[in-house]
Amino acid sequence: MTLEYGPQPLKPLNTETRHGFEEQYNSEQFLQSLANEFQFYFDDKRHKTNGNPIPDEVKLKDEDLYYQPIPDWKIVKDRQKTVSAALLLCLNLGVDPPDVIKPHPCARIEAGVDPLNFQDSKKAIEQIGKMLQNQYETLSLRTRYKQSLDPCVEDVKRFCTSLRRTSKDDRILFHYNGHGVPQPTPSGEIWVFNRGYTQYIPISLYDLQTWIGAPSIFVWDCSSAGNILNNFKKFVQKRIKDEDDGNYDNASPSPAIAFKECFQLASCREGELLLMSPELPADLFTCCLTCPIDISVKVFLLQSPLKDTKYKILFENMNSRHESSKNSAPEGSFRSSIPNVKIPGVLSDRRSPLGELNWIFTAITDTIAWCSLPRNIFKKLFRHDLMVAALFRNFLLAKRIMPWYNCRPISDPELPDIIANHPLWTAWDVAIDEVLSKLVEDLKKENMNENLENTIALQQQDSIQGFSSKGINHSQTPQQQTDIKGGNIHSQSRFAVGNLSTMSLANYSSAMPRKSQSSPLITQPTPQQQYTGFFEQNLTAFELWLKYSSNSRKPPEQLPIVLQVLLSQVHRIRALVLLSRFLDLGPWAVYLSLSIGIFPYVLKLLQSPAPELKPILVFIWARIMSIDYANIQSELLKEKGYAYFISILVPEWGLGGSNNLGRNNGSSLSLNSGTMINTPRNKYASPIAANSSSPHIPGLYHSNDTTDEQKAMAVFILSAFIRDFPSGQKQCFNLDLVNRLRYYIENSEVPLLRQWSVILLGQLCYQHPLFKYISLDLGVFNTLHHSLDDPVPEVRTAALFAIQCSIIGFDEPEIVVQLKQEFDQQYYHFHNQLQQLQNAQGQQSPQMEQQQNKLEQRLNSIHFLNSQLENIDFGRLRKQEMSHVVKVLSLVNDASPLVRKQLLVYFSHILHRYYNLFQVVAFDSLIGELAQLEGNDIARQNIEHNSASHGSVFSAVWKSILILASDGMEEIRKLAYTLIDNVLSRLGTHPELKAPFAKMVNYLIQRRSAKSSMTGKPVFNMGQVHVVSGSDQKNKNPRVSDNPVEGLEDKSNGYYSSLNRLFQSLGISETSYESKREDYHFGASEAPGEIPSSRNSPFPTINQNNRMLNNKIPFKSTFLDYCFEYFQEPQMRRSEAEEPGSVEYTARVWRRNRNEEIIQETQHEKLLAISGDWSEQRCTLDNKTQPKLIKFSQFENYLITADERDNITVFDWESSQICSKFSNGNPYGTKITSLQLINEDDNALLLTGSSNGIVKVFKNMHDSEDVEVINSWRALTDMLLTPRSSGLLLEWQQMKGYLLATGDVKVIRIWDAHTESMEVDIPAKTSSLITSITSDQLSGNIFVCGFTDGSLRVYDRRVDVRDAMVRVWRGNGGRQGSSITNVHLQRGGYRELVSGSSNGVVELWDIRSEAPVTTFRDEYNQNLLSDAPVKKQVPTTLTCLQVHEHAPVIATGTKQVKIWTTSGDILSSFKNIPKSGYYNGTNTFSTNGIRSGLSGLSSTYGASGNSNSSFLSSLAFHPHRMMIAATSSHNSCINIFACGNKKYYDYDF
């Protein structure tokens, strides 16, 4: 259809996709990926933190409760133990105390003994004492128990003092039973007897404290026990006060402060009497503390409403079995209501009913205490002393039961009363009910089978015993036992093992079993029978908590129960998987688990050979080590737990016949050399080393069932284990391990494994010359060199870190001597052991022969290590060190700040190692810069030729530091400044260089003062910035009359001979690095001393900002801490941005929906672009300075501008407001030459390019307060800054993540945002400068450049770089003299490729054609608004050209804006003037032919004509909307025009 505009029809528009790109749209897969895949760049953690670990201040503040650190989680080995116990019984059987009137019948059972069953009261109390001791022994067998039965005062004193004397500083348990004496006095005195048992004698608590000392734990089982507890605390405070006043109690065996560590448990409060109910024992409190299972069952039956129905058989059965047939009526009346149930089994056997109940009770009480007590109190009571933990755990039961009988137990420290009503007590009742139900069912079946025939009785004897107890016979067949409902409670877990993030657990069931020594925790008997569903139910509850409540970051009450489930073989896998998911929540979860006591369990599990546990344990240990590796290293070393993780990497490690390191258990250096004694020094027998270049080695790389991600965790654990831990380093260094790590680095596709393998290799060599030398022979350093080119920035940084670890230290020669002595001692020790075994004639046994073989292997290993020590060549190591320096120099221009920062850390170590050399290099550099400053080329050449440091590797390092001092990242600049300041400050104190250096400083100060007085401007260039001041100003006039270089030249011969002598003394005899690096010999003078203070420095202007005072040389790398944080972050769940329902996810979905709406609503505007009026002015924005670059954001209402210097302004064109304004931080003389937007589908990032070649990426560009640089690098080096230079030109490809950078250079450099590294340099193949660049935004393979000679060149990345230029066009019909103003390839539409020349020629191209498909010229209509009959077209200069990304329109800018169709028809032409009523006082409107009064102006021209109007400086189309922004030279206004409804203008085209 032909469209008409005005009086003439428009030419037909192109309707076919150019360049053959229609194939892209024919691919359904490509279109689907285009619509659904959103690639975001510079969004990794390293960009948010600049590769720095989270500051300690943030962790301490912890606003999100993400850390919640518990630094004292570890239970120290030297904790106190209860080694002795005093059981003091004051019963006086048969005689009631005078202050208590007991009813009849009354509670009389003590420790399970009825005194009425004994005729002799002495035997009765002896039996009670024996049974009480037996009850306590169930809590702790290691405690020494002593009984004191009905004692007198002297007996108590002698008894207590003896115990304290034997116990020393350990804890004593003091149990007091006062049922046969009066209640304690109000002052807390307890009662005993006189020797004739005729009187009650009181004992003061103060005296008792003096006798028994501290620390102690007291159990008070008597009425009004609260009197004792309260007065005990008063006496402790009195003792402390007396000691503070200087009144020491010399009779006390313990200091007063030790009594604060005493604990007390009292049966009731003051004024309360103990219960006297005959159904319960008289010592109910003691029973709760010593036999909680029995008393819980008994009380449960007494309180149960089913005791007369369901549980009736328990009462009847027990009475019939245990009571005599003749009982008195009164006794029988209450005995019939007493259950005497004994749960079958053993407490220590968790496979028995009693053992399982005890196991459940421990889990419940631990959980109640953990949920109810502060963390410090819980740890103090339940994790330090086994006896204290058992008593307080059982005390929780007393807190629950005894209030039912009007007794309220109390303790010191006091426990809250809410413990008695905790919901978990209901679960305890359910567990008891399940066991009793099974017992009732068995008893009923037993009664039914008593009358069966003998044949059935024989069958009963062969049946499987469900319960084994006194007087109970089970008569179930195996089939019957299996079929009983509720009998076997889940003998096997229902849990189906799933995947744990990167941890594959699905193949565990098919793994072959392995033989190993059994351990107390890891045994593999028959499947464990479960009598209750308690643990499985709580695991399910924990799983639900993880699924629905884990975001609350509140401690789950099931966590202590999960800890107990680890003891169960039935549920262990499921518990470990759930525990892994919990630890994955963050550091707070790891700290909670460690504080609850999980560490000993997971440490013991490392002894398990089960293959299904490996992926889970390695995950758990990675989380633990990332939180607190320092507190764990010694435990791993002691238990040899590190071997578990080495075996994951080297499965044959530790097995006989393999050349491994783990068999030398007695050697501090575990290097097995049994097969390498006669091996050449540089040949190490290893199948990996010989085949490291092979892509696949059968049976090696996939030698076990672990994935590369799990191997990475194992490597990380080993890295954390040996970090700052030389003992661990010696145990882990292993030839097989080193070679396996090399293989992972060269072959693994998982970056995490490569990264940590590189780190571990570096740590294995750190400060250990022997390991460095062995690694050199193994080719480890060559592998590290290859890692410097890894595509992942973290791996490159890790390689730098590892190379830094290989720097030779000042004290390494002494380390060699120490190692030699250590090996000699070990050799002597093992040799003596071997001789003793050989001399034992006639006593040889297989065990002794095995021990003899081990000793011989250790002796061979030590012999080999000694030979390696003797062969260490430090000269060879130094050559390798210099090779490292040369290799890392290429990383100066790496695109990752993480890499460059680590490079500076490495340089700081090199500088610290060779301080004197760098002082000479810096001095020579200053002399050269002075000569260049004065313009004396002859002097400069003479200086460079005679320079002692010229061409050395140290000179290259110094220049690299100077380059990094102008880095785009502030942190890197500051680090570089610190190094420079440090060297210069030392230079001022150098014995030979300080005098000439002081002259140079004084000269520069005088020169600056002279120039400042003449011009009022700073005069130093970038070379002097780092010497004298922080000014970035250029030197406009470098000539002065006084030249100190000439004076220095007169003494050059003597001076440089002195420098040469200095270099020779440091081991450098020639100026060429390649010729001198073989001859390094370092003396003691290299070691740097203390940094001189600025007060002693002869140059007061240096270090005015004291930058170096904040950093110590060498820098300490934070890279390891940053890497550790990876294992502190959740890995099993999606990130916050991908989690549905999160704020970030919701915001991202909203932005995508908004973007789609904008695209849809702007589709119909494409037709309006041809038929509408483009001169409709939307708004005018004032930039305050002249904008040189403008750019619209696709979806936000942002217009970004950059002025002629470094100011960036972000406008909201919808509201005509400034959102933010900030500086790009350009040095003087440079400017912003390119603006690009990244990640526009989400939160857009602003990318700027400056004429000095530096690229910066800003986030939060719309907020001046929060805007920050997240990345910066030098995209191009050696930029030519000329008046005609175009600076740095950038083209960003969002789909591929490539940044094309070019400008005043001869190449187009392509950077990869994924890897943050240079991808390739494509030669431009012309001497002309590049003026513009554009590319195919979809495939990213084709890009086009325009040049100053008017040519256009098309490049294809898919071919070799030498043949990448596939097309050359000559614009402007092939005529010379005009350059390409701009070239642009549409992102959408029909993919038109448009170029515009400075002479006004606009051409459309197809890369398949030699000639342009369309050509037209922008000519200036001089009398456009005049009444002259002849309209004169005159040539003009095309200053800017833009193409709409989706609509078929082109905008050209001369002195006016013209809108064209892609077929060459002009649609609109208008002046770029401010909106009506807008006035900007900074503009010079008179030069534009516009009246000063702007009222009434619209789209018509100024009355005075337009011959003197300014040219347009910049144009920008909105990517989707029909809007265009325009700016003019010498004007700060930005006018935005929108395409409105069609208006008729009588234009004569």
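The values are calculated or read from the model by the stated rules, or taken from the named source; none is laboratory data. Computed from a predicted model, the values in this text were never measured in an experiment. Glycine also receives a Cβ, built like all others from the backbone with ideal geometry; neighbour counts cover every protein chain displayed. Only protein heavy atoms, including side chains, enter the accessible area calculation; ligands, DNA and RNA are left aside. Shrake-Rupley method; radii C 1.70, N 1.55, O 1.52, S 1.80 Å.
Start at zero, step by 5 Å, and the Cα-Cα distances of the stretch 1137-1187 spread as 4, 15, 10, 12, 12, 13, 15, 10, 7, 1 percent across the bins. Averaging Cα coordinates gives a centre for the stretch 606-631 and one for the stretch 1168-1246; these two points are 53 Å apart. Going through the cross-link list Lys233/Lys399; Lys59/Lys380; Lys298/Lys444; Lys45/Lys1166, which pairs have a Cα-Cα distance over 31 Å in this structure? Lys45/Lys1166, as the Cα separations exceed 31 Å there.
Working from label points 7 Å from Cα in the Cα-to-Cβ sense, the Val430 to Phe810 distance is 6.8 nm. The residues of the stretch 1147-1219 expose, per residue, 45 Å² of accessible area to a 1.4 Å probe. Carbon-plus-sulfur accessible fraction, the stretch 579-630 (probe radius 1.4 Å, protein heavy atoms only): 53%. In this structure Cys805 has an accessible area near 10 Å², from a 1.4 Å probe over the protein heavy atoms. Suppose R0 equals 51 Å; then what is the FRET efficiency for Gln303 and Glu1156 from their Cβ-Cβ distance, rounded to the nearest 0.05? Step by step, r from the Cβ atoms, then E = 0.15. Site pair Thr15 and Asn1197 shows an inter-label distance of 3.8 nm when each label is modelled 7 Å from Cα along Cα→Cβ.
For the stretch 1232-1296, the per residue solvent-accessible surface stands at 35 Å², with DNA, RNA and ligands left out and a 1.4 Å probe.
With all protein chains in place and ligands, DNA and RNA left out, the 1.4 Å accessible area ranks Phe721, Phe159 as Phe159, Phe721, largest first. For Ser1529, neighbours were defined as the other residues whose beta-carbon sits under 14 Å from its Cβ, and their charges (Lys and Arg +1, Asp and Glu -1) total +1.
If Rh is defined by the Kirkwood formula over all Cα pairs and Rg also comes from Cα, what ratio Rg/Rh do you get for the stretch 1207-1247? Let's see the in-between values first.
Working: Rg = 12.3 Å, Rh = 12.0 Å.
Answer for the stretch 1207-1247: 1.03.
Note on surface exposure: Glu126, Glu272 rank Glu126, Glu272 by accessible area, highest first, 1.4 Å probe.
With a probe of 1.4 Å, find how much accessible area the stretch 727-822 has per residue, and write the answer as a whole number in Å².
It amounts to 25 Å² per residue over the stretch 727-822.
Within the accessible surface of the stretch 868-927, defined with a 1.4 Å probe on protein heavy atoms only, the carbon and sulfur portion equals 43 percent.
Projecting the Cα atoms of Ile203, Cys288, Ser252 onto the charge dipole of the stretch 178-317 (Cβ charges, centred on the Cα centre) puts Cys288 farthest toward the positive pole. Length available on full extension from Glu1265 to Asp1363: 0.36 nm per residue minus the Cα-Cα distance, which gives 30.5 nm.
Equivalent ellipsoid of the stretch 575-656: semi-axes from √(5λ) of the C-alpha gyration tensor, largest first, are 22, 14, 10 Å. Counting only protein heavy atoms and a probe of 1.4 Å, the accessible surface of the stretch 353-433 is 54% carbon and sulfur.
Rounded to two decimals, the Cα radius of gyration of the stretch 860-936 over 2.2 N^0.38 Å is 1.67. In this structure, the residue pairs whose Cα-Cα separation is over 32 Å, taken from Lys157/Lys238; Lys238/Lys379; Lys81/Lys157; Lys123/Lys238; Lys81/Lys102; Lys123/Lys157, are Lys123/Lys238; Lys81/Lys102.
Heavy-atom accessible area, probed at 1.4 angstrom with all protein chains present, ranks Ile1534, Ile1407 as Ile1407, Ile1534, highest first. Calculate, in whole percent, how much of the Cα-Cα pair population of the stretch 717-766 lies beyond 13 Å. Tail fraction, whole percent: 51.
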